[in-house]
Amino acid sequence: MKRESKDLDDPLEIKRISSGIPGLDELMEGGFVKGSTNLLAGQAGTCKTIFGCQFLWEGLQKGENGLYVTLEESAKDIINDALQFGWDFSKYIKERKCNIVEMKSIDLNELTIFIADEIKSLRAERFVLDSLSVASMSWKSSPEELFKIRIGLFNFIKSLKELNVTSLLISEIQRGKQTLGRFGFEEFLVDGVIILQLVEMDVPMRSIQITKMRRTNHSVEVHPFSITKKGIVIKKI
Ligand SMILES: Nc1ncnc2c1ncn2[C@@H]1O[C@H](COP(=O)(O)OP(=O)(O)OP(=O)(O)O)[C@@H](O)[C@H]1O
Ligand SMILES: [Mg+2]
């Protein structure tokens, strides 16, 4: 039977996932590309965790399940800190719509399997890893191992894509370092890169910049933001 053209999936049609951050979606054609993997990089205290929670909370308000994997702060602290912005994850955790899981740095293949299983069992559409930097701490990074890590990270991201989950991989930038991740190649493997910074102007200013987003005509400017009672809000420039 001949199929009507409207029945066919349009490969050019891109579904967008709202970030949940007022003012951000309009800087990236309506949101993250559904199923994309994005690096969220910043120095200490630049609001990476708040961003991750806000992204997950937005999904829950839209009926999209979400997984948050934390390697540094306890799940309890993440849940308690989120309450100050009015995001009560505990209700969704009880309903198995959301999970905030603590884990330690493990081998990259084991990490890939563990996270894929958690995403599947939760039917998560959003995923936050806080952080890739801590997750990778036990990975040997001698020159001969680097190639294996790059392939392993590529496979990790591939498995997230196969699950069609929209992901934020948080990366810690150390002061004085030029790279956005521990290995230097993380930013090449992901679909999108967002950098959070505290810029030293006359007065220190929190800022956000989208430096990469595949399939997206995005802003590349540095945008100031503030923390309000409802979380991160991008200021107009
Ligand atoms: N209620 C609030 N109002 C204003 N600013 C806040 C509030 N809560 C937290 N902050 C700011 O957010 C920062 C912490 O944000 P967050 O934990 O998301 O940072 P982070 O980038 O994850 O830090 P780390 O690198 O230590 O994990 C605090 O240092 C503070 O400056
Ligand atoms: Mg954090």
Given unit charges at Cβ for Lys, Arg (+) and Asp, Glu (-), the dipole magnitude of the chain about its Cα centre in debye, nearest 20, is 320
Between the residues 112, 37, 27, the Cα farthest towards the positive end of the dipole of the chain, that dipole coming from +1 and -1 charges on the beta-carbon of Lys, Arg, Asp and Glu, is from 27
Here the net charge surrounding residue 31, from other residues whose Cβ is less than 10 Å away from its Cβ (Lys, Arg +1; Asp, Glu -1), is -1
To the nearest 20 debye, the range 78-219 has a Cα-centred charge dipole, built from +1 on Lys and Arg Cβ and -1 on Asp and Glu Cβ, of 360
If amide H atoms are modeled at 1.01 Å from N in the peptide plane, then the residues at a separation of 5 or more from residue 128, or on another chain, having amide H under 5 Å from its own are 67, 68, 69, 168
Residue 139 neighbourhood, Cβ < 14 Å, K/R = +1, D/E = -1, net charge 0
In debye to the nearest 20, the charge dipole size for the range 147-237, taken about the Cα centre with +1 at each Lys and Arg Cβ and -1 at each Asp and Glu Cβ, equals 200
When 182, 123 are ranked with the fewest other C-beta atoms within 10 Å first, the list becomes 123, 182
Per the C-alpha gyration tensor (a ≥ b ≥ c, the square roots of its eigenvalues), the chain is rounded if a/c is under 1.5, else prolate if a/b beats b/c, else oblate; here it's rounded
Heads up, the range 116-216 by the C-alpha gyration tensor (a ≥ b ≥ c square roots of eigenvalues; a/c under 1.5 rounded, else a/b over b/c prolate, else oblate) looks oblate
Residues 214, 206, 16 in order from fewest to most other beta-carbon atoms within 10 Å are 214, 16, 206
Stretched fully, the stretch from residue 229 through residue 76 gains (0.36 nm per residue minus C-alpha distance, one decimal, in nm) 53.1 nm
Checking the range 162-237 for GluC sites (Glu not before Pro) in a loop per DSSP with at most 14 other beta-carbon atoms within 10 Å yields 221
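The numbers here are math on the coordinates, done by the rules we state, and not lab data. Source: prediction; values computed, not measured. Cβ coordinates were reconstructed from backbone atoms using ideal geometry, including for glycine residues, and neighbour counts include every protein chain displayed.
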